[in-house]
Amino acid sequence: MNKTILLFLTAVVMCGTASAHTDSMEGDTIVHRDGLGKRLNKKLSKMYYNSKYDTNYVVRPKEKWLLRPMVNMTGNHIIAKGTVNEVWSKYDLRTKRNTTLSLEVNYCDIGAAISFKPNKNDDDYEFNFEYHGNQVSFNLSYLKANSLSGDIELGNIKHLDEDGLNMKEFNLSAFYTFNHRKFSFPAALYQNYYQRRSAGSFLAGASFQSGSIRTTAELKRRSPLAPEVHLTFLNFAVGGGYGYNLVLGKHSQWLFHLSAMPTFVLYQHNKLTVNDDEKKDGRASLNMIFNERAAIVYHFTHRFHAGASIMMSNSVFDNDNINVRQNRWLARAFLGVRL
């Protein structure tokens, strides 16, 4: 199924009218006011150039338009195991790699993006949203997949083909940047700023994850003796980390970004059910969610740049009854044209 996702935040309409001025004609005063479009354009431009960064480290590009064609790829790898009433089950599964092509048009940090999936036979659905601000950044994702496949130890089943399991997952992670006047996430991940000098910052943040994995009717049709398995998980974690932007080159044309933020689970509700027998969380020994980001950007000129980035989330949930390890990633390659 070919799913086209159109994200339209707002559009900027430019209307050319005369500048506000006053004329005197036979004692009458005639006032010409700017049109709505021009007043909106002035307000957006003022907000765009009103940077709170230390301009020795981070500056705004002069151009207000940014076009970014991109290739996005996502993947998910899960290892889960547990024993319920002496029934041992283990999963080493991966979803299909989801590839999308997109074009983003941005004016003064307000933009629209359209994307489509080249693979029309991929029924998995995934939604990703990112925000990279001066102080606060966050990204959320939702995944609904039937393409989980891989090795499995579940009754008499040793390998799982697609459509045997249904997975639904929601993830949200948020970052706060302490050194927000010198260190810029947007410069590395969104390119609506220039990082002129190297700088780093301590980070604070939180992670939230919830979802479920369960056997489908298709699996029961293929293997009638297969047990019914349902894994649910919900976790909230807080933590901190560090990010660094390394700037190289005579004209600061190279930017390398790396950040990591481990978070510790404060609240959890994980449950594994096999044939109506369930095991909930026991004594937690190690529950963490790691968030990592990396990027490389090269500026050919002040108008053209290219680069790649990756965002990863690694989860580790380990207790007496249930052990779940997950790796989720979003990789991106892009070109940038400023106008």
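The values are calculated or read from the model by the stated rules, or taken from the named source; none is laboratory data. This structure is a prediction, so every number in the text was calculated from the model and none was measured. Cβ atoms come from the backbone with ideal geometry, glycine included; neighbour counts cover every protein chain shown. These accessible areas exclude ligands, DNA and RNA; they are computed on the full protein's heavy atoms, side chains included. Shrake-Rupley method; radii C 1.70, N 1.55, O 1.52, S 1.80 Å.
Some points to look at:
- Residue check, Arg97 crowded, with 16+ Cβ neighbours inside 10 Å and among the basic types (Lys, Arg): no
- The residue of the range 127-138 that is least open to solvent (accessible area, probe 1.4 Å), among those that are touching a Phe, Trp or Tyr at 6+ places or on another chain (Cβ under 7 Å), closer than 16 Å to Ala113 by Cβ and in contact (Cβ under 8 Å) with a residue 12 or more places away in the chain, is His132.
- Test: Phe175 is closer than 20 Å to Pro262 by Cα, assigned to a strand (DSSP E or B) and open to solvent by 30 Å² or more (accessible area, probe 1.4 Å): no
- Which numbered condition Pro69 fails, given (1) within 30 Å of Asn323 (Cα to Cα); (2) surrounded by fewer than 19 Cβ atoms within 10 Å (Cβ to Cβ); (3) modelled with pLDDT of 85 or more: (1)
- Within the range 183-197, restricting attention to residues that are open to solvent by less than 10 Å² (accessible area, probe 1.4 Å) and part of a loop (DSSP other than H, G, I, E, B), the residue that is nearest to Phe304 (Cα to Cα) is Gln191.
- In the condition set (1) open to solvent by less than 50 Å² (accessible area, probe 1.4 Å); (2) assigned to a loop (DSSP other than H, G, I, E, B), Gly200 is compliant with all but (2).
- Pair list, Cβ < 7 Å and 6+ apart or interchain, from the range 204-218 residues that are farther than 12 Å from Leu140 by Cα and outside any strand (DSSP E or B) to residues that are of a type outside the set (A, V, I, L, M, F, W, C) and at pLDDT below 85: Thr216/Asp163; Thr216/Gly164; Glu218/Asp163; Glu218/Gly164
- If you filter the range 252-274 down to residues that are open to solvent by 60 Å² or more (accessible area, probe 1.4 Å) and free of Cβ contacts under 8 Å to residues at least 40 places away in the same chain, you find that the one that is nearest to Val59 (Cα to Cα) is Leu258.
- Looking only at residues of the range 100-126 that are open to solvent by 20 Å² or more (accessible area, probe 1.4 Å) and aromatic (Phe, Trp, Tyr), we find that the one that is modelled with the highest pLDDT is Tyr125.
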